[in-house]
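This report refers to the structure that appears directly beneath it.
The values are calculated or read from the model by the stated rules, or taken from the named source; none is laboratory data. Not measured: the values here are computed from a predicted model. Here the Cβ positions follow ideal geometry from the backbone for every residue, glycine too, while neighbour counts run over all protein chains shown. Areas reflect the complete protein model, heavy atoms only, side chains present, ligands, DNA and RNA absent. Shrake-Rupley method; radii C 1.70, N 1.55, O 1.52, S 1.80 Å.
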Amino acid sequence: IGAFSSGAAYIGIHYALLVAYISQGGRILGEWTDAVVSGVPTWSLSVLFASVVGSLMYFASDESVKKVNNALVAGLVALFGGLLVTVLPQAVPENLLHQDIPQAISAIPVLVLSLVFHNIVPSVVSQLDGKEYVACERFSRRCYDRSTRLPLMALNV
């Protein structure tokens, strides 16, 4: 029963993320195309976004997908670093001591999303070709720790 429930949770989280990415991609395309053509329904732009990205993923080689993914991750890290440099001087640490329990419920999606990045660790370990189990085990622990803290920090900033 545990395997079934964890599998269902995995599918649910990734389905929700996929829908969110496709919806947001359609909205961004809508903002870009609004200047050229007005009145294009957002749903059609979401379909276009999914079709283009899906086709690129399907027809591109593994190596080129890996390079694009690494470049996008590097860009994301750079943007997050810039965000931290910009926002941290204005942070008010006393706000962390304030508790508003009803508002905590709205943070549940953020907490769940920060756990999604744990799916990356098995991919990274398999890319290491299982070299030295002990090194992979230590690496996995660090990855799980950081893959929870970084997204949580990013989403809370």
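Taking all protein chains in place and a 1.4 Å probe, what share, in percent, of the accessible surface of the range 1-118 do carbon and sulfur account for?
Its accessible area is 73 percent carbon and sulfur atoms.
Assuming a ≥ b ≥ c are the square roots of the Cα gyration tensor eigenvalues, decide whether the range 1-108 counts as rounded (a/c under 1.5), prolate (otherwise, with a/b larger than b/c) or oblate.
Because a/c hits 1.5 or more and a/b exceeds b/c, the range 1-108 counts as prolate.
Taking 30 Å as R0, compute the FRET efficiency from the Cβ-Cβ separation of W43 and T86 and round it to 0.05.
0.30
Where Lys and Arg each count +1 and Asp and Glu each count -1, what net charge lies around L45 among other residues with Cβ under 11 Å from its Cβ?
Every neighbour counted, the sum reads -1.
Between D100 and V73, what is the spin-label point distance in nm, taking each point 7 Å from the Cα along the Cα→C-beta axis?
The two pseudo-label positions are separated by 3.6 nm.
Just report the Cα centroid separation between the range 89-110 and the range 1-57, whole Å.
Between the Cα centres of the range 89-110 and the range 1-57 lies a distance of 29 Å.
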